[in-house]
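Beneath this line is the structure, given in structure tokens, with notes to follow.
No lab work stands behind these numbers, since they all come straight from the coordinates. From a predicted model like this one, the values you see are computed outputs, not experimental measurements. All Cβ positions, even for glycine, are placed from backbone atoms using ideal geometry, and neighbour counts span all protein chains on display.
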Amino acid sequence: MKNVRLETVSKMFGSAVGVENVDIDVKPGEFFTFLGPSGCGKTTTLRMIAGFYFPTKGKIYFDNRDVTTLQPNKRNIGMVFQNYALFPHMTVFENIAFGLEVRKMSKAVIKEKVERAQKLVHLEKYGARKINELSGGQQQRVALARALVIEPDILLLDEPLSNLDAKLREETRVEIKRLQVELGVTTIYVTHDQTEAMTMSDRIMVMKEGVVQQIGTPQEIYNKPTNHFVASFIGESNVLDGEVVEIIENSVKVKLEDHIFVRGSIDQTANGKKLEIGEKIKCSIRPEAVFEGPGVNELRGTVQLVEFTGVSINYVVKVGSNIMKVMIINKGNRILNRGDSITLHVPENGIYLIGE
Amino acid sequence: MSGNQDAMKENWWNRLTRSKYFVYVLISPIFLVLLAYVIYPFYQTFLQSVMTEEGATFENYQRFFGLTSTANLEALWTSIYISVISVITCAIVGVTMAFLMERYEFPGRKILSVLILVPMALPPLVGVLSFTFLYGESGIIPRFFQALFNLDSVPFALKGVVGVIVVHTFTMYTYFYLTAAAAIKGLDPSLEEAATSLGSGRIRIWLKVILPMLTPSLVASSLLVFMISMASYTAPLMFGVDRTMTMQIYLSRTNGNLDMAATQSTILSIVSISFLILMRWYQGRRNFQNQSKGIGVHRTELRSQWAKYLSMAFSFIGVIILMLPILVLVLISFSVDGEWTVQIIPTSYTLQHYIDLFTDERTWRPIWNSLQMSFVATAGNILFGVAAAYALVRMKFKGKVFLDILIMVPWALPGTVVAVNLIAAFSEPTVFSFNQVLIGTFWILPLAYFVRHLPLIFRSTSAALMQMDESVEEAARSLGANWWYTFRRVVMPMAFSGILAGTLLALVQGIGEFVASILIYSTSTMPLSVAIFQKMYAFQFGTACAYGVLQIVLIILVLFISQKLTDGKAGAAI
């Protein structure tokens, strides 16, 4: 259980920027996720924490110890790789025991610890198996046991679920979270899958092109995205262009395209930004924040596309020249057809102003 | 106290392995060895070719390309056209065989697919030897036909340039066969199915889909066969074709014309190294890879009756042709020396040669010499080959491309040239030979074997390392293992089969090495191959063939073990 702190860490690959000025402070025992599309620098950042890359600029601390250029084998980290990186010439037992042997523990202690680790990941009977005799999910659990058995200060997981099929991914996700909570180990998790990030994390760092976009709890990231990228990368969102036309106390009136007006709250502004009249901004409206029928911020439009998922009815609605995705929870409502007109309304707290 | 010292030592070592200059510590011995035993000898040969008493001139080169005496130009021309024709004949035989074996199911296919690699088990000298016994002027087959039809002289005999080309074809078609067979095996059948579904006919599919997919492997094999043909020495020697580059070098040397030998060597080296670079460049840009794993190609079964008979006859002839060279060696190895003169096959037989191999001091000596020298050379090869492979596959450093080319240069250099270079460099004391004259000592042959076979271990180890995911090493590091522990416990065991395959190959090649040996051996360390050569000329065919059979047995053993170790991927090492 250690705290991990990155201070203005940058990594250049030749003249190309890998990551730029990352500042984070991961609390002891926290489950912290780096989220972003491929090539956003999340793995690079993780590898700097692991010690496989050294930062071009900035410092990395474990608790208050400067580990910026410490070799990976001196960091006491446990790492799970995307492809598991198990030793193919060793058995399950030998794989898990590897880190303990490096630490020169006695045979008896190793045996006891490895067996405990095998039990932890439900692989008690597989000790003598070779790696290629295991399924993908089992290999994944060996990798996890191998990383955990050394009682690492920090657990690093690099897209550990991306090689599993959908069902197994969900099971393993729950499993990893359970282990993390039980063991209380500080965990840094890299993924491009927002569901994984949202369901598992205490906090999420969203990255794009090497630059940190937002750090916050899943709720903050979802409900209060700081910019267009975060709003549309996490979940779905209608990001509409608008212009501030009126501010009365806490209420902001925004003109969307085609003279459609909506009213939002000044508290629902990214980064507590001060708004001015005439300013161009973007409104983020989540599909589930839009309701059918008359009410505040009433909008009239035409149904362009209908999707029935069972849980919900998804419409793509054209309001003036604005295209909006709308998700109506299925409570047995009548399902409209393409071309039907529809009346929608958006409560004030469903509109989030994210600036330009 | 000692514990403290250990801690100090470990710190020192740890600091070293962590430094970004560690890679240079690792590669500098490799560079040094290549400098000392490849570049420096090469440079000395070049010096010898341009230095006369009056200073540096290109007189020798003018003489080489001059028209007053055309022997050299003729030799260059003969070498090139033998090589080109060898490429063509090897390609025709190799690719045809690959298609037949991979695409059709016919009676006799199984046995043929095993025996088709027999030529690989024939060391060059032994192969040529058996061909002269079989098809030479006093060979078994021509004499058989002479007797059969009661002719005055043999109706045909293998000799001259044709003989060289036939031997080249027999021994080198396997390069085409292996790469073409691998490529055909790797061809995704869905590509053909896709082409068919788009309306392509059979011929169009071959021209537009299959051939383009095979092109990379065909070009690579062509370059390889060309290079080996240029370097070929044994076949021209035995079939009496003097006007090839390698023979000219040999003759210039034995006539004491050292400047000219050096000139010829330099020119041949330049040709060979250009081909090496061309090959590396081509391999670098070939990128046809199948996207899918899918199922392998289905073999078409022959249905019509006559096709079955035809294929059976074909298989039968194939098996005979492939087996004859070995069978004849075995047969003659049991013959009494000096008794076989004008008969079709030897008349009297004995087990004595095999007993002598291991009991008679004089017969055993060359075997023991070769074993010793090859072991010494191979030990050095393992050390430097594995280190070089690790450095080139896993590490980043300046001069990487250069090292990559440099380490493969000895592989491209004809054995004759390697020998001439070593003579030029080590006839006098040098720093690199610890101020000793190496020529005439035990050490010159292991050195030659070391230089010639370094690429074998290097290549097989690199191939193994390349298949190994780098994250496995990172995993070991993240679990607390330092560089050395990781190398020992993870890298070595995972690359083990590759290293061993290369090692065994280098070992048997060292035991059978002839081309460089013949130029630099001394009577006290006569190697096995030179002994075979001498027995041959002393008409002790039986002993010569017993030596040959011993070599073949060793090679087959090694090929078998490598095949088992690498799951049939041993081709990468050869």
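Worth pointing out:
- Kirkwood Rh, angstrom, the stretch A:212-356 [1 / mean 1/r, Cα pairs]: 15.6
- Across peptide A:71-78, the mean count of Cβ atoms from other chains lying within 10 Å of each residue's own Cβ comes to 6.
- Pairwise centroid distance, computed over Cα atoms, of the stretch B:104-131 with the stretch A:259-288, Å: 80
- Membrane-span-like helices in chain B (whole DSSP H runs, Cα extent of at least 20 Å along the helix axis, mean Kyte-Doolittle hydropathy of at least -1.0): B:71-103, B:160-186, B:211-231, B:258-285, B:305-333, B:361-394, B:444-467, B:492-512, B:541-565.
- Taking 25 Å as the limit for the C-alpha separation, the pairs A:Lys74/A:Lys119; A:Lys107/A:Lys177; B:Lys20/B:Lys400 exceed it in the case of A:Lys74/A:Lys119; A:Lys107/A:Lys177.
- For chain B, with +1 on Lys and Arg beta carbons and -1 on Asp and Glu, the positive-most of B:His168, B:Pro212, B:Ile80 along the dipole: B:Pro212
- Gyration tensor (alpha-carbon) shape descriptor, the stretch A:94-166, a/c threshold 1.5: oblate
- Hull shadow area, averaged, the stretch A:1-152 [alpha-carbon convex hull, nm²]: 10.0
- Nearby lysines by direct alpha-carbon distance to B:Lys110 (threshold 27 angstrom, same-chain neighbours under 8 apart not counted): B:Lys185, B:Lys293, B:Lys308, B:Lys564, B:Lys569
- GNM result for chain A, Cα springs below 10 Å: residue of A:Ser232, A:Ser15, A:Ser38 fluctuating most strongly: A:Ser15
- One equal scatterer on each Cα of the stretch B:414-521, no solvent, Debye formula: the resulting log10 I(q)/I(0) at q = 0.10, 0.20 Å⁻¹ is -0.44, -0.93.
- Within chain A, percent of DSSP bridges classed antiparallel, to nearest 5: 75
- For chain B, a Kirkwood radius taken over Cα pairs fed into Stokes-Einstein (10 °C, viscosity 1.306 mPa s) yields D = 61 µm²/s.
- On the beta carbon distance between B:Ile270 and B:Ser190, with R0 = 51 Å, the FRET formula returns roughly 0.65.
- Anisotropy class assigned to the stretch B:28-181 is oblate, per the alpha carbon gyration tensor with a/c at or over the 1.5 cut-off and a/b no larger than b/c.
- Among A:Leu46, A:Tyr126, A:Ser251 - extreme Cα towards positive end, dipole of chain A, charges at beta-carbon: A:Tyr126
- P(r), alpha carbons of the stretch A:153-193 - 5 Å bins starting at zero, rounded %: 6, 22, 31, 26, 12, 3, 0
- When you count the other C-beta atoms within 10 angstrom of each residue and take the mean per peptide, B:117-124, A:52-59 line up highest first as B:117-124, A:52-59.
- Here the convex hull built on the C-alpha positions of the stretch B:134-242 has a volume of 142 cubic angstrom per residue.
- Members of A:Lys42/A:Lys208; A:Lys255/A:Lys318; A:Lys2/A:Lys208; A:Lys208/A:Lys274; A:Lys130/A:Lys167; A:Lys42/A:Lys273 lying beyond 18 Å, as alpha-carbon distances in this model show: A:Lys2/A:Lys208; A:Lys208/A:Lys274; A:Lys130/A:Lys167; A:Lys42/A:Lys273
- Peptide A:143-153 has a mean of 1 when you count, residue by residue, the C-beta atoms of other protein chains within 10 Å of its C-beta.
- Structure-based [θ]222 nm, chain B - -39500 (n - 2.57) summed over DSSP H runs of at least 4, per residue, nearest 500: -23000 deg cm²/dmol
- Straight-distance crosslink candidates among lysines, where the alpha carbon sits under 22 Å from B:Lys159 and sequence neighbours closer than 8 are dropped: B:Lys535
- Only Lys, Arg (+1) and Asp, Glu (-1) charged, at Cβ; the protein assembly as shown dipole about Cα centre in debye: 840
- The B:Trp281 and B:Leu32 beta-carbon pair, evaluated with R₀ = 35 Å, returns a calculated FRET efficiency of approximately 0.85.
- Hits among lysines - C-alpha to C-alpha of A:Lys57 under 16 Å, sequence gap 8 or more where chains match: A:Lys11
- Net charge contributed by nearby residues that have their C-beta within less than 12 Å of B:Asp404 (K/R +1, D/E -1): +3
- Cβ-based charge dipole, the stretch B:425-574, positive-most Cα from B:Leu456, B:Met526, B:Ala506: B:Met526
- Average beta carbon contacts from partner chains per residue of B:483-496, 10 Å cutoff: 2
- The listed peptides A:171-181, B:524-534, B:76-86, ordered by packing as a protection proxy, come out as B:524-534, B:76-86, A:171-181 (highest mean of other Cβ atoms within 10 Å first).
- A simple packing score, the average count of other Cβ atoms within 10 Å per residue, orders the peptides B:442-452, B:199-209, A:293-303, A:133-143 as B:442-452, A:133-143, A:293-303, B:199-209, with the highest score first.
- Efficiency of FRET from Cβ geometry, B:Phe434 and A:Ser38, R₀ 56 Å, rounded to 0.05: 0.50
- Placing +1 on the Cβ of every Lys and Arg and -1 on the Cβ of every Asp and Glu, with nothing else charged, gives the stretch B:148-272 a dipole about its Cα centre of roughly 120 debye.
- Here the label points at B:Lys398 and B:Thr57, each 7 Å from Cα along the C-beta direction, are separated by 4.1 nm in the simple model.
- Gyration tensor verdict on the protein assembly as shown (Cα atoms; rounded if a/c is under 1.5, prolate if a/b is larger than b/c, oblate otherwise): prolate
- Only DSSP H runs of four or more residues enter the estimate; each adds -39500 (n - 2.57), and after division by the residues of chain A the mean residue ellipticity at 222 nm equals -7000 deg cm²/dmol.
- Inter-probe distance in nm under a simple model that places probes 7 Å from Cα toward Cβ, at B:Trp484 and B:Ile203: 6.8
- Under a model in which nothing but the beta-carbon of Lys, Arg (+1) and Asp, Glu (-1) is charged, the stretch B:94-167 shows a dipole of about 140 debye around its Cα centre.
- For the stretch A:1-26, the residues whose amide N sits under 17 Å from a probe point set 7 Å from the Cα of A:Asp202 along the beta carbon direction are A:1-6, A:24-26.
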